[in-house]
Ligand code: SAM
């Protein structure tokens, strides 16, 4: 079965009385080289981690299974979470040849990730293996899914993933891969950078999907680092524990970007007294008229620490 052939995908959907659902962001891949490249990039990131344990992957939104098959050929275990009940019997047929794949019918936004990961991958992780996340994400919830993958775990420890490799809108990919001072830099970018590095891996044009989306896409790799303990080693001298400091930093980032045309002092003055903010900026050697868009994730950690002393 060729799950990347437009006519085959249409035939399969017809057979199960289905059509692509806009509400679920269903744009299926119809160029076989794209899922292959996504899976290869994902697996290469997992395989480059130290250790020789088994490798597992969580896929979000398998659709008709085009990416799932490629992942199943590389990874030891694939667990795929699909919201669309209608696709479950279809996936039973399209993935019948793979005994290392489990499909779970659920909305990823309602999944309790720490419990789910322990249940589905606890054995692999205790055997020294890795867990990755890989998806051609539904575009209507790209950022919420990415933030959920990250924010479900405490700030004080590295995230439990070798890497998160996802296809998303090109515009969002550019935003997430941007840095302080870039025009695309914003609160999701800065908050994500507290936990991981983001690398743009591939550009994918709209013609590779059925139906074709209105926007171009890109694949990014989100590679967890040591979190705020790595980017702000001075956390050890803070009266706040790393989790609280992390939460205060994320909150500060949110305030700074909620009104991005304002200076940092004015943007966060609803929460902290202006004279304290000015004093802290001076103590940190930063300009008092600086805007949030110029502050790096580490700068936000420094400021959150000093503002909460
Ligand atoms: N992986 C397939 C591919 O690459 O051809 C399909 C990708 S399609 C862009 C997005 C998939 O995510 C669809 O199968 C859709 O039903 C599923 N989906 C949408 N929202 C979801 C959610 N909240 N939880 C889990 N799956 C979801």
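Remarks
- The angle between the Cα long axis of helix 33-47 and the main principal axis of the chain comes to about 60°, on a 0 to 90 degree scale.
- The chain: angle of helix 6-15 to the longest principal axis, Cα-based, in degrees nearest 10: 80
- Prolate is the label for the chain, because the ratio a/c of its alpha-carbon gyration tensor axes (a ≥ b ≥ c) is 1.5 or higher and a/b is greater than b/c.
- On Cα atoms only, tilt of 113-126 relative to the major axis of the chain in degrees: 70
- Sorting 102, 293 by the number of Cβ atoms found within 10 Å of their own Cβ, with the fewest placed first, yields 102, 293.
- The peptide list 107-118, 170-181, put in order of mean Cβ contacts within 10 Å with the highest first, becomes 170-181, 107-118.
- Each of 155, 167 was scored by other Cβ atoms within 10 Å of its Cβ. Arranged with the fewest first, they read 155, 167.
- Inter-centroid distance (Cα atoms) of the stretch 132-192 relative to the stretch 259-309, Å: 24
- Computed over the chain, relative contact order equals 16 percent, with contacts defined as Cα pairs under 8 Å that lie 6+ residues apart.
- Segments 132-143, 15-26, 38-49, 82-93 sorted - mean Cβ within 10 Å per residue, highest first: 132-143, 38-49, 82-93, 15-26
- The stretch 230-307 shape via C-alpha gyration tensor axes, a/c threshold 1.5: prolate
- With contributions of -39500 (n - 2.57) from each DSSP H run of at least four residues, the per-residue ellipticity at 222 nm computed over the chain stands at -12000 deg cm²/dmol.
- Mean separation of Cα contacts under 8 Å (6+ apart) over length of the stretch 55-133, as relative contact order %: 38
Quick note: the coordinates plus some simple rules give every number you see, no bench work behind them. Keep in mind the model is a prediction, meaning the values are calculated, not measured. Please note: Cβ atoms are built from the backbone with ideal geometry, for glycine as well, and neighbour counts cover all protein chains shown.
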